[in-house]
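The values are calculated or read from the model by the stated rules, or taken from the named source; none is laboratory data. Computed from a prediction, not measured in an experiment: that's the story for all the values here. Cβ sites come from the backbone with ideal geometry, for glycine too, and all protein chains shown count toward neighbours.
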Amino acid sequence: MVGNIIIAVYLHTLKVKLMHMFKYHDLGQIDYAEALQIQTESFELLLQAKQNHESKASCKLYLCEHNPVITIGKSGKDMNLLVSESALLKQGIAFYHVNRGGDITYHGPGQITGYPIFDLERYGIGLKAYIDRLEQLIIDLLAAYGLKGERMPGATGVWLDTMDPKRARKLCAIGVKSSRYVTMHGFALNVNTQLDAFKLINPCGFTDRGVTSIAQELGASVEIESVKSRIATLFAERF
């Protein structure tokens, strides 16, 4: 009985924190362009509220899966796309240049893409600390599945087997845009992602490192809604 009360209190506290610090939205499976519009509108509203010294505007966390798409960040190189744009379209893969950091990546079904629209000053952190916190959040998430996620010097994101260059492989990509400490874009975690699409690019600009997924590492698919739930809970705890 006492244990049930403690759990109920914890869940209530977690719900209150989710409501007050940020609002969580699961967008399901969605075209990249539509999700980009949603997060851009939230980003601009939060930025405008900050410039007007209004405190009521909410931070947001959007989680989704995308229909197949390849995106290149503002510092990316077109040479890292290994096929023509017309060849992508024939395979049903959209293509966008976007204003996030980082190089080229693929998004698609089975991958959880997260867009935190956060005012970092509300959390008392800068951009570097924010990215570190995102990486640690994913590292802790992976530990729940028995996987040892790691950081790699000079390569933002979360990796496996970083000490062995021949085996190093990326599980989660991170690319962020910020203005006045308000963020958009975010992370892409491969859960049940079909990895063949990464052969069409040099993922994140690397030619000598692999890409993997939780399912690939475990040898079995993972229930993606449960992963989303874990991510939302970790965000509530860390933010």
**OP:** Please state which of the following conditions A57 fails to meet, knowing it meets all the rest: (1) modelled with pLDDT of 95 or more; (2) touching a Leu at 6+ places or on another chain (Cβ under 6 Å).
**Re:** (1)
**OP:** State yes or no: is K166 of a type in the set (K, R) and within 19 Å of the chain's Cα centre (by Cα)?
**Re:** no
Original post:
Considering the range 58-72 alone, what residues qualify as being within 14 Å of Q111 (Cα to Cα) and not in a strand (DSSP E or B)?
Top reply: N67, P68
**OP:** Pick out, from the range 104-167, the strands (runs of 3 or more DSSP E) lying fully within it that include 2 or more residues that are farther than 24 Å from H66 by Cα and free of Cβ contacts under 8 Å to residues at least 40 places away in the same chain.
**Re:** 150-152
Original post:
Counting only residues that are of a type in the set (S, T, N, Q) and touching a residue at least 40 places away in the same chain (Cβ under 8 Å), which one in the range 36-90 is surrounded by the fewest Cβ atoms within 10 Å (Cβ to Cβ)?
Top reply: Q51
Original post:
With (1) out of contact with any Asp or Glu (no Cβ under 9 Å at 6 or more places or on another chain); (2) more than 20 Å from G73 (Cα to Cα) as the list, and R167 as the residue in question, which single condition is left unmet?
Top reply: (1)
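Here is a yes/no grid of residues against (1) surrounded by fewer than 21 Cβ atoms within 10 Å (Cβ to Cβ); (2) among the charged types (D, E, K, R); (3) more than 30 Å from S58 (Cβ to Cβ):
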| site | (1), (2), (3) |
| --- | --- |
| Y130 | yes, no, no |
| G154 | yes, no, yes |
| V158 | no, no, no |
| T162 | yes, no, yes |
| G175 | no, no, no |
| M184 | no, no, no |
| I201 | no, no, yes |
| F206 | yes, no, yes |
